[in-house]
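All remarks here apply to the structure that follows.
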Amino acid sequence: MNRKEAIRQNEQSDTLQSLGFTAEEAESLRRISMTLRRWHERECGDGNGCIEYDGEGVPHWLNAMTGKTYRIPTRETGARKRLAKILKARNSHREWCSTQTPISPGAILERGPCNCGKQAPVSAYIQTDPRGAALYILRPGDVPEDSTVESCYSRGICVY
């Protein structure tokens, strides 16, 4: 990693932490985005093959050299589950925290400082086009009411 990339990752982490995510969750979101992007790249295919799904929705790797297919574990499902867990923890912050101080001293270490008076629920958009980032965090107001998320997801926070 060079200096420019380290600065970019720190700025992204700071932005996500300002939304109420912990440093560990911000890093997990970055890793989820990388996993999803690689999965989408492999679905489109590369010089070695591509991911295909059978009739039951089970992914298989189609080897471009031999034409054989091999069953592979789905990385996308796990990444989506981890993403949902992180978003649920962040959006349910009000359940464990009063508006002034955390419920217990250990909660500060577990979830970070409290500023939930300024936090609103966030959502995620997964972009399946592998030419860019796969994950965007959307705040309320990022998507206008007369638009769809597919047309203006880039107004959110890009996680890559």
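Collect the residues in the range 5-42 that are in contact with a strand residue (DSSP E or B) (Cβ under 7 Å, 6 or more places away or on another chain), charged (D, E, K, R) and touching a residue at least 24 places away in the same chain (Cβ under 8 Å), keeping them in residue-number order.
Residue satisfying the conditions is Arg30 alone.
Suppose we filter Arg90, Arg82, Arg71 for residues that are closer than 30 Å to Ile137 by Cβ and modelled with pLDDT of 95 or more; which single one remains?
Of Arg90, Arg82, Arg71, the one residue that is closer than 30 Å to Ile137 by Cβ and modelled with pLDDT of 95 or more is Arg82.
Against the condition over 18 Å from the mean Cα position of the chain (by Cα), loosely packed, with under 12 Cβ neighbours inside 10 Å and at pLDDT below 95, how does Glu95 come out, does it pass?
yes
Looking at the range 53-87, which of its residues are out of contact with any Leu (no Cβ under 8 Å at 6 or more places or on another chain) and among the acidic types (Asp, Glu)?
Answer for the range 53-87, where residues must be out of contact with any Leu (no Cβ under 8 Å at 6 or more places or on another chain) and among the acidic types (Asp, Glu): Asp54, Glu56.
Output the number of residues of the range 122-160 satisfying the condition of being over 17 Å from Glu41 (Cα atoms), part of a loop (DSSP other than H, G, I, E, B) and at pLDDT 90 or above.
1
State yes or no: is Ala64 farther than 15 Å from Pro130 by Cα, aliphatic (A, V, I, L, M) and within 23 Å of the chain's Cα centre (by Cα)?
In short, no.
Considering the range 1-44 alone, what residues qualify as being part of a helix (DSSP H, G or I) and aromatic (Phe, Trp, Tyr)?
Correct list: Trp39 only.
Does any residue of the range 54-74 turn out to be assigned to a helix (DSSP H, G or I) and loosely packed, with under 15 Cβ neighbours inside 10 Å?
Taking every residue of the range 54-74 in turn, none turns out to be assigned to a helix (DSSP H, G or I) and loosely packed, with under 15 Cβ neighbours inside 10 Å.
Report the residue count in the range 53-75 for those that are touching a strand residue (DSSP E or B) at 6+ places or on another chain (Cβ under 8 Å) and under 21 Å from Gln127 (Cβ atoms).
3
The values are calculated or read from the model by the stated rules, or taken from the named source; none is laboratory data. Nothing here was measured: the structure is a model prediction, and the numbers come from that model. FYI the Cβ positions are ideal-geometry reconstructions off the backbone, even for glycines, and counts take in every protein chain you see.
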